Amino acid sequence: MLLDKVKHDRNRFDCGIVPLNNYLKVMAGQQARKDNSRTFVLEDNNNPQHIAGFYTLTMTPVDLTALPTPLQKKHQPRTSAGLIARLAVDQRYKNLRLGEWLLIDALRKLLHASDTVGFPLVIVDAKDGVSQFYQHYGFTAFADSENKLFITIADIRASFA
């Protein structure tokens, strides 16, 4: 569900990472109003105003020269990619696999968007120590940055087939 600043208690959310908490509290609504991004929330089943987790989607330019050669040859040198700009789970909901649920939901939305506008990749800038989470789901690190990862739309499509 899209973040609703009237319904959802953004101040209660605490994932333990101050910049992510602050983004949800201050920036997510502003960025949505400017059509720069969309933030989706997972509500607590018992208290829908409580946010168990969230992710933010947008688009980003990408220089494909940092990708493996086969992908460089397949796509234009510069293109756009879907970006999972943020993904976080409130500490009160840890160990419930909600991060996995949020990631899968984000990938489904980006796959659907790619069917409409066409883009070859989804990118994520992982926080320190989190890149293995994304690698577990098929993301690959860029050659020049272990915390910047990508997955192809083709791989996402195949995983949902």
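FYI, it's all coordinate maths here, none of it is from the lab. Computed from a predicted structure; not experimentally measured. Cβ atoms come from the backbone with ideal geometry, glycine included; neighbour counts cover every protein chain shown.
Numbers at a glance
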{"quantity": "Every pair of residues 6+ apart whose Cβ atoms lie under 7 Å, when the first sits in the range 81-100 and is of a type in the set (Lys, Arg) while the second is assigned to a strand (DSSP E or B) and crowded, with 17+ Cβ neighbours inside 10 Å", "calculated": "Arg86/Tyr55; Arg86/Thr56"}
{"quantity": "Residues located in the range 17-51, provided they are out of contact with any Lys or Arg (no Cβ under 8 Å at 6 or more places or on another chain) and surrounded by 14 or more Cβ atoms within 10 Å (Cβ to Cβ)", "calculated": "Asn21, Met27, Gln31, Ser37, Arg38, Val41, Leu42, Glu43, Asp44"}
{"quantity": "Members of the range 128-161 found to be under 17 Å from Ala81 (Cα atoms) and in a helix (DSSP H, G or I), listed by number", "calculated": "Tyr134, Ile153, Ala154, Asp155, Ile156, Arg157"}
{"quantity": "In the range 100-127, residue nearest to Thr79 (Cα to Cα) [restricted to those that are small (Gly, Ala, Ser) and in a helix (DSSP H, G or I)]", "calculated": "Ser114"}
{"quantity": "Selected residue (criterion: nearest to the chain's Cα centre (by Cα)) from residues of the range 45-76 that are assigned to a loop (DSSP other than H, G, I, E, B) and either basic (Lys, Arg) or over 23 Å from Leu87 (Cα atoms) (or both)", "calculated": "Leu67"}
{"quantity": "Yes/no for Leu42 being touching a strand residue (DSSP E or B) at 6+ places or on another chain (Cβ under 8 Å), part of a strand (DSSP E or B) and either at negative phi or of a type outside the set (Lys, Arg) (or both)", "calculated": "yes"}
